[in-house]
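**Student:** Once you've had a glance at the structure underneath, I'll fire off some questions.
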Amino acid sequence: MQKLLSVLAIILLGASLCFADGVAHDYASDVRLDMNSDTVKQVVTVRTFVDGDTTHFNVPQSISANGVLKARFIAINTPESTGKIEEYGKKASNFTRERLSQATSIIIESDDGQWNLDSTGGRHLVWVWYRTSESEPYRNLNIEILQNGLAIASSTANNRYGKVATAALNAAKEQKLNVFSGEKDPDFYYGQAVELTLKELRCNVEQYNGVKVAFEGVITLNDGSSVYLEEFDPETGLYYGISVFYGYGLNGKGLDILSVGNRSRIVGTVQYYEVGGVYQVSGLTYKQMKPKDPGNIQKISDGHEAAFVLTSPKDFASSKVTVETSDGIKEYDYAYLALDTSVEMHNLQVRGIYTTDDPTSSSYGAMTMTCSADGYDIVVRTAVLADGNRNLITKDAYLGKTINVRGIVDYYSDGYQVKVLSANDITIIE
């Protein structure tokens, strides 16, 4: 009798493991982290969650000069939730966040004896192992994502744990889990775009997270793969703005619509950009054969200019604004409502400058200026600046000087700052 009970207990325990998270077999437990293998390994902590298959980790400077390793998970390709929004992208992103947030220890592992870069040259390919208590073995997150049907294949068989990874992927397909289910993603917005103003979007942006929206605004600046839009609201007398990520999915007419100075209609999905800590709009499309398609971005007019609202350091640093929105009357920090809009600020005394000195960074040479004016501290962050002869402008040009600046209100490291993209937008007063 005792033997029979023991057998039943084992069967029940196995059943509870087999059907955890809706999967029929826990393939993530079929592999073990071998600390004595010839791969490179490192204990890490999370710096920034990006999406389902990408996370930035804190690492020693012996691995990365700036102490951050941008990791791309080996063998998996989860649906997008950053540059564009795809079905099950949010669920995959949340899955990775939840697992690693619960971890008491995280170890990343290379596929061979060195840290290898992905095809972009900016991210390292890694296996991610985690555990939630010191008494349990490490679990392989890459394979766990595969077995839950939250990723498609990405050289899944051609790696160190390829056999198990492929089995996990095939099992998810057979069980029709998540991306293989053929069912609609409950976290994906399938409806028509919600028409709104930039004021409504900025004041209630969290409510529109993951929602497809449509709005109009003047394109003020282009910052690589993003543009900034702003719109004046006569009721409050304020400008409201947002960053729009267009990535590499547009060309020709689509890119022309996003030219600086155009007033354009944007149709895209609101998303929280984890790396920057702000909301943006992405997932833009333009069908050239259907220019009047309501899902297209559209040019309304041209010849407009950025407002560059003259803003006092006091307002920027400490003022509050009360605004009536569709969700009631709310109070906001002035800088929060001005986020992503163009501003101008005068008589900033440059007290200190930090220069990005990582030669592998695209921001190598960019400056962060600590300024003071009227008793308030203001941070000015520049792009990599060059003079008329294309020579790099260094901190010696501005340190100890008084300057006027024009730029975009930005948010970084729990604080608001003025982001300057051109040397022409900094004027030395004395």
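**Student:** Mind checking whether some residue in region 331-344 is exposed (fewer than 15 other Cβ atoms within 10 Å of the Cβ) and over 30 Å from Asp233 (Cβ atoms)?
**Tutor:** For region 331-344, residues exposed (fewer than 15 other Cβ atoms within 10 Å of the Cβ) and over 30 Å from Asp233 (Cβ atoms): absent.
**Student:** When you scan region 394-408, how many residues do you find that are open to solvent by 30 Å² or more (accessible area, probe 1.4 Å), of a type outside the set (Lys, Arg) and part of a loop (DSSP other than H, G, I, E, B)?
**Tutor:** 3
**Student:** Report yes if some residue within region 76-85 is in contact with a His (Cβ under 9 Å, 6 or more places away or on another chain) and of a type outside the set (Asp, Glu); otherwise report no.
**Tutor:** Step one: list which residues in region 76-85 are in contact with a His (Cβ under 9 Å, 6 or more places away or on another chain), which gives none.
The answer is no, given that none of the residues of region 76-85 is in contact with a His (Cβ under 9 Å, 6 or more places away or on another chain) and of a type outside the set (Asp, Glu).
**Student:** Still on this structure: Scanning region 254-274 for residues that are hydrophobic (A, V, I, L, M, F, W, C) and crowded, with 17+ Cβ neighbours inside 10 Å, which turns out farthest from Lys287 (Cα to Cα)? Walk me through it before giving the result.
**Tutor:** We begin by selecting, within region 254-274, every residue hydrophobic (A, V, I, L, M, F, W, C); these are 255, 257-258, 260, 266-267, 270.
If we keep only those that are crowded, with 17+ Cβ neighbours inside 10 Å as well, we get 257-258, 266-267, 270.
Working: Ile257: 12, Leu258: 15, Ile266: 14, Val267: 12, Val270: 20 Å.
Across region 254-274, the extreme among qualifying residues is Val270.
**Student:** Being closer than 20 Å to Tyr336 by Cα and surrounded by fewer than 20 Cβ atoms within 10 Å (Cβ to Cβ) is the filter here, so list the residues in region 192-204 that pass it. Quick ask: steps written out before the conclusion?
**Tutor:** Initial filter on region 192-204 (closer than 20 Å to Tyr336 by Cα): 196-204.
The answer is Leu196, Thr197, Asn204.
**Student:** May I ask you to say which residue of Ile85, Ile76 is under 28 Å from Asn209 (Cβ atoms) and open to solvent by 30 Å² or more (accessible area, probe 1.4 Å)? Lay out the reasoning, then the answer.
**Tutor:** Values: Ile76 fails: open to solvent by 30 Å² or more (accessible area, probe 1.4 Å).
Among Ile85, Ile76, only Ile85 is under 28 Å from Asn209 (Cβ atoms) and open to solvent by 30 Å² or more (accessible area, probe 1.4 Å).
**Student:** When you scan region 307-330, do you find a residue that is over 20 Å from the mean Cα position of the chain (by Cα), open to solvent by 60 Å² or more (accessible area, probe 1.4 Å) and under 18 Å from Glu230 (Cα atoms), even just one?
**Tutor:** Yes, there is a match, as at least one residue in region 307-330 is over 20 Å from the mean Cα position of the chain (by Cα), open to solvent by 60 Å² or more (accessible area, probe 1.4 Å) and under 18 Å from Glu230 (Cα atoms).
**Student:** What residue, among those in region 275-306 that are in a strand (DSSP E or B) and either open to solvent by 60 Å² or more (accessible area, probe 1.4 Å) or hydrophobic (A, V, I, L, M, F, W, C) (or both), is modelled with the lowest pLDDT? Steps first, please.
**Tutor:** Our first condition is that a residue be in a strand (DSSP E or B); within region 275-306, this holds for 278-282, 298-301.
The next check asks that each one be either open to solvent by 60 Å² or more (accessible area, probe 1.4 Å) or hydrophobic (A, V, I, L, M, F, W, C) (or both); those that pass are 278, 281, 299-300.
Values: Val278: 90, Val281: 96, Lys299: 95, Ile300: 95.
Filtering region 275-306 for residues that are in a strand (DSSP E or B) and either open to solvent by 60 Å² or more (accessible area, probe 1.4 Å) or hydrophobic (A, V, I, L, M, F, W, C) (or both), the one modelled with the lowest pLDDT comes out as Val278.
**Student:** Restricting attention to region 239-253, which residues are more than 23 Å from the chain's Cα centre (by Cα), surrounded by fewer than 21 Cβ atoms within 10 Å (Cβ to Cβ) and of a type outside the set (Lys, Arg)? Spell out the reasoning first.
**Tutor:** First, the residues of region 239-253 that are more than 23 Å from the chain's Cα centre (by Cα): 239, 252-253.
Now narrow it down to the ones that are surrounded by fewer than 21 Cβ atoms within 10 Å (Cβ to Cβ): 252-253.
Scanning region 239-253 gives a single hit, Gly252.
**Student:** Let me ask you something else. Just the residues that are open to solvent by 60 Å² or more (accessible area, probe 1.4 Å) and free of Cβ contacts under 8 Å to residues at least 40 places away in the same chain, please, taken from region 124-173.
**Tutor:** Scanning region 124-173 gives Glu134, Ser135, Ala157, Asn158, Lys163, Asn170, Lys173.
The values are calculated or read from the model by the stated rules, or taken from the named source; none is laboratory data. Quantities reported herein were computed from a predicted structural model and do not represent experimental measurements. No Cβ is skipped: glycine too gets one built from the backbone with ideal geometry, and neighbour counts run over all protein chains shown. The protein model used for the area step is the full one, side chains on, heavy atoms only, and it has no ligands, DNA or RNA in it. Shrake-Rupley method; radii C 1.70, N 1.55, O 1.52, S 1.80 Å.
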